[in-house]
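The values are calculated or read from the model by the stated rules, or taken from the named source; none is laboratory data. Bear in mind that the values here come from a model prediction, so they are computed numbers and not experimental data. Heads up, the Cβs are rebuilt from the backbone with ideal geometry, glycines too, and the neighbour counts pull from every protein chain shown.
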Amino acid sequence: MIRIRNISSQRAQGGNRLPPDHRIYLYAGDVATSTRPVVLCTLLGSCVAVCLYDPVLRGGGMNHILLPGSSLDSDSSRYGVNAMELLINDLMKKGGDRRRFVAKAFGGANVLPGLKTALIGDMNSSFVRGFLEVEGIPLVAERMGGTSGINVHFSTGTGEALIRAVDGSRLPKIVRAESTYWRSHIDDARRSGEITLF
């Protein structure tokens, strides 16, 4: 299911000092764009969020990527290629010009030690860097890797991002959620042959 949040009609003032109702929270598979000043927020472990900003439009967006690569199901916005295409296309529909886009990327921590595969955080980070390079979108800031979860707050009005490390009490919640998402989706994808991991 595509979960694009259409928030361009919301009224908001200011940057990161917006009231709570102008903070939009994204979860795995979510994509949100806005030409109004709102703050997009997400909590990341091994997942990666890419924030795109058009400085002329003064609009931007964010996705929350669970897995690298792509799915044959075009509605599967939890996969990297699908999530990136949805983010780029939705921002362009709102008047953005991809030649002006700049990107910031966050997450990709290795917080899932129990998995017997390549480290998901590293795979997600490598995917994002490669995708942006191929598409010619400058990656102007990043905080990817490590072993700690982070909170991301991205202002669509200014393109600024605020990153906070997650305290130890929240890490088990991230690990449980991402392990459940990852195992269920990778198992489904392998059975159906609908995933390409970079």
- Note on the structure: Of (1) modelled with pLDDT of 95 or more; (2) closer than 30 Å to Thr147 by Cβ; (3) surrounded by fewer than 23 Cβ atoms within 10 Å (Cβ to Cβ), Arg3 satisfies every one except (1)
- Residue ID - farthest from Leu57 (Cα to Cα), chosen from residues in the stretch 145-188 that are acidic (Asp, Glu) and at pLDDT 65 or above: Asp167
- Message: When the residues of the stretch 6-60 are narrowed to those that are farther than 28 Å from Leu119 by Cβ and of a type in the set (D, E, K, R), which ends up modelled with the lowest pLDDT?
- Response: Arg11
- Message: Which numbered condition in (1) assigned to a helix (DSSP H, G or I); (2) at pLDDT 95 or above is the only one that Asn82 fails?
- Response: (2)
- Name, by its number, the condition in (1) closer than 22 Å to Glu142 by Cβ; (2) surrounded by fewer than 23 Cβ atoms within 10 Å (Cβ to Cβ) that does not hold for Lys93. (1)
- Query: Just wondering, is there one or more residues in the stretch 90-107 that are in contact with a helix residue (DSSP H, G or I) (Cβ under 7 Å, 6 or more places away or on another chain), at pLDDT 90 or above and not in a strand (DSSP E or B)?
  - Reply: yes
- Message: Which condition from (1) free of Cβ contacts under 8 Å to residues at least 12 places away in the same chain; (2) not in a helix (DSSP H, G or I) is the one that Glu133 breaks?
- Response: (2)
- When every residue in the stretch 139-160 that is free of Cβ contacts under 8 Å to residues at least 40 places away in the same chain and assigned to a loop (DSSP other than H, G, I, E, B) is compared, the one nearest to Tyr53 (Cα to Cα) is Gly145
